[in-house]
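Everything below concerns the one structure shown next.
The values are calculated or read from the model by the stated rules, or taken from the named source; none is laboratory data. If you're wondering where the values come from, they're calculated on a predicted model, not measured in any experiment. No Cβ is skipped: glycine too gets one built from the backbone with ideal geometry, and neighbour counts run over all protein chains shown. SASA here: full protein model, heavy atoms, side chains in, ligands and nucleic acids out. Shrake-Rupley method; radii C 1.70, N 1.55, O 1.52, S 1.80 Å.
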Amino acid sequence: MTRTDAQEERRRRVRELVTAKGFARTNDLADEFGVSVMTVHRDLDALQAQGWLRKVRGGASCLPSTQFHGSVGERMTTMARTKHRLARAAADLLAPGQIVMLDDSTTCLSLARQMADRTPLTVITNSLPAVTALSREAGVSLIALGGTYFPAYDAFMGLHTARSVEAYRADVLFMSTTAVTGDRCYHMSPETVQVKRAMMAAAARRVLLVDHTKFANQGLYALAPLTDFDVVLVDDAAPAAQVRRLRDLGVDVRTVDTSR
């Protein structure tokens, strides 16, 4: 086994151990795998960047928090009904013949699954689940963006993905975000921010989909002000004061009824 293979195997086992326990101490991980504490820190940095866990004082946790929002599997089951309603409202903005860009969010994955009645469409995405879903649609011309695969997001991220985006021009971009603070959206992954900014630059129209929980979340990396979006779709449980403030700033915020 090469040094790289050994490193990847150790990081896989670290990830599994933290996932199984919910929390693991740095010193215990060093003892468990027979490596230095500094090596464990590097492993945890890499796993946190991929979205598998978050580093905390003294160790690592895989439990969702205001700053760590879990793997794609966990996010798929969170606010599923609300995400479906937001996606349905977004689908109403589609027109046959458009070139559509989708980010890797689970909300936009729900949108991908509702595109069959809006075809023909050309869809560009870095989301592997969206590629899988849309590959079955005869009316969709599908363009998959490559790059570095991030298993926790089940998507391609980073510099090469962002550069791939630059080769295209879309009529409309649909995307979501980890957190909304004030009038700006944030994310915990710099690689994700890199790709989403490239997508925003490549789209003639930008639509942001955010459920109300995003207004209580926090993110480390600033993505974009909400004034950069042509439409922001929120569910009817979004904070009324925040919605009013965004509208006062000129943001086209549209509230989606999730009761039906």
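General remarks:
- Any hit, the range 55-68, residues being of a type outside the set (Ser, Thr, Tyr), over 18 Å from Gly22 (Cβ atoms), modelled with pLDDT under 95 and not in a strand (DSSP E or B): no
- Considering the range 205-232, and only residues there that are part of a strand (DSSP E or B) and more than 23 Å from Ile99 (Cβ to Cβ), the residue that is modelled with the lowest pLDDT turns out to be Tyr221.
- Taking every residue in the range 227-245 that is farther than 12 Å from His212 by Cβ and pairing it with any residue that is of a type in the set (A, V, I, L, M, F, W, C) and assigned to a helix (DSSP H, G or I), at least 6 positions away or on another chain, the pairs with Cβ-Cβ distances below 8 Å are Asp228/Met200; Val232/Leu226; Val232/Leu246.
- Some residue of the range 7-14 being within 15 Å of the chain's Cα centre (by Cα), of a type in the set (Lys, Arg), closer than 26 Å to Asp104 by Cα and modelled with pLDDT under 90: no
- Taking the numbered list (1) at pLDDT below 95; (2) in a loop (DSSP other than H, G, I, E, B); (3) touching an Asp or Glu at 6+ places or on another chain (Cβ under 9 Å) in turn, Thr82 passes all entries but (2).
- Count of the range 119-130 residues, restricted to those that are in contact with a helix residue (DSSP H, G or I) (Cβ under 9 Å, 6 or more places away or on another chain) and closer than 19 Å to Arg163 by Cα, is 5.
- Applying the criterion of being hydrophobic (A, V, I, L, M, F, W, C) and more than 11 Å from Ala152 (Cα to Cα) to the residues of the range 45-62, the residue that is most open to solvent (accessible area, probe 1.4 Å) is Val56.
- Of the residues making up the range 20-44, those that are in a helix (DSSP H, G or I), open to solvent by 80 Å² or more (accessible area, probe 1.4 Å) and either touching a strand residue (DSSP E or B) at 6+ places or on another chain (Cβ under 8 Å) or of a type outside the set (D, E, K, R) (or both) are Ala20, Asn27, Asp28, Met38.
- Note on the range 98-204: enclosed strands (runs of 3 or more DSSP E) holding 3 or more residues that are without any contact (Cβ under 8 Å) to a residue 40 or more places away in the chain are 121-125, 140-144.
- Only one of Val243, Val234, Val251, Val256 that is open to solvent by less than 70 Å² (accessible area, probe 1.4 Å), in contact with a strand residue (DSSP E or B) (Cβ under 6 Å, 6 or more places away or on another chain) and closer than 28 Å to Phe150 by Cβ: Val234
- Failed criterion for Pro120 (all others in (1) closer than 16 Å to Asp171 by Cα; (2) crowded, with 17+ Cβ neighbours inside 10 Å hold): (2)
- The residues of the range 169-218 that are within 14 Å of the chain's Cα centre (by Cα), of a type in the set (Lys, Arg) and open to solvent by 60 Å² or more (accessible area, probe 1.4 Å) amount to a single one, Arg197.
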